[in-house]
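Shown next, in structure tokens, is the structure this report addresses.
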Amino acid sequence: MTEELTPQWYANSVQNITHLPLQYGRTLDTEVLKHDALYGLSELYTFVADSENQFLNFMESHVLVTLRNFHGQEEFAQSSLRYGKALLQEHIQNIQEMLRPLRYEGKGKWPQASKAPYVEVARVSKSDLLSDFECLLQKASALTKRCIEGQALIVNDSTLKESKKAMEQAEGLIKLTRLAFFFVPLSFTTSFFGMNFIQFGQGGLSIWIAFITCLPVIALTGLILYWDSLHRRAFEMWRARN
């Protein structure tokens with residue numbers, strides 16, 4: 001046997017649009033509702049505000065998780081933030097549409113309360129709704145800004161990584177160039193003499209001539225490297241000062 005649903009059960013039930021026709025108007029003053037159209041829609045406005053707040057809370061959590069875990073999946077994070085920003089902009093437009101009748105009180109053609117006790121109840125209800133939707137608008141705008149800043153953060157982080165990788169490659173190239181300073185002159189010297197040495201049985205020159213010739217070449221190469229390191233250090237100091 002199913003238990004009969006009571007008004008108290010409706011009041012404590014989870015927010016659900018399917019319950020709205022059964023619950024609607026339970027918190028409203030029926031007398032004021034008869035005279036003020038916007039007051040009659042206040043529960044619907046409240047339902048929309050609650051739903052919008054849940055959506056914004058979800059988006060806030062999503063953006064936070066995306067920004068915390070974007071390393072290694074920058075492209076996916078950029079796409080997610082871009083889509084989130086588009087969704088938030090749509091919701092901002094919807095919130096602005098909801099705010100329009102609340103901000104232009106008295107300028108529309110809707111019926112409005114005119115008796116003193118009804119006017120105050122309707123005014124307080126409209127003021128609360130206006131405050132709620134303005135807070136939602138600020139929250140949605142702040143989340144949109146966070147999405148844009150998050151995209152910029154990911155781009156800057158990726159650029160920094162690429163710059164660091166380029167610097168590491170340049171450092172490796174510098175080391176390779178320094179090795180070439182030694183090996184290229186030595187290679188040129190050995191190729192100049194070839195195998196024309198007495199010790200190899202193919203010439204009349206002693207192999208010691210090749211070693212003696214290599215010594216000044218190595219010394220000259222060392223001087224060039226030393227001058228290059230001094231010049232590089234002086235340039236780095238100048239850049240640090242300026």
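Every read-out reported here was derived from the displayed coordinates using simple, explicitly stated rules and does not represent laboratory data. Since we're looking at a predicted model, the values are computed, not measured. Backbone-built Cβ (ideal geometry, glycine too); neighbour counts: all protein chains shown.
Ordered by residue, what ³J(HN,Hα) values in Hz, to whole numbers, does the stretch 178-190 give under the Karplus form 6.51 cos²θ - 1.76 cosθ + 1.60, where θ = phi - 60° and Gly and Pro are x?
Calculated HN-Hα couplings, in order: 5, 5, 5, 4, 8, 7, 5, x, 5, 5, 5, 5, 5 Hz.
Out of Phe183, Ser131, Ala113, whose Cα points farthest toward the positive end of the dipole of the stretch 105-202 (charges: +1 Lys, Arg; -1 Asp, Glu; placed on Cβ)?
In the stretch 105-202, that residue is Ala113.
Fewest to most neighbouring Cβ within 10 Å: what's the order for Val65, Val119?
With the sparsest Cβ surroundings first, the list reads Val65, Val119.
Rounded, prolate or oblate: which one fits the chain, using the alpha carbon gyration tensor with axes a ≥ b ≥ c (rounded when a/c is under 1.5, else prolate when a/b beats b/c, else oblate)?
prolate
For Asn53 and Ile198, calculate 0.36 nm times their separation in residues minus their Cα-Cα distance, and state this gained length in nm to one decimal.
42.9 nm
Distance between Cα centroids, the stretch 181-242 to the stretch 74-122: provide it in whole Å.
Here the answer is 78 Å between Cα centres.
Looking at the chain, how many pairs of lysines come closer than 29 Å at the Cα, when each pair is eight or more places apart or spans two chains?
19
Would you compute, from DSSP H runs of 4+ residues alone, the mean residue ellipticity of the chain at 222 nm, taking -39500 (n - 2.57) per run and dividing by the full residue count, rounded to the nearest 500?
-27500 deg cm²/dmol
If Lys and Arg each add +1 and Asp and Glu each add -1, what is the summed charge of the other residues whose beta carbon sits under 14 Å from the beta carbon of Glu168?
Around Glu168, the surrounding residues sum to +2.
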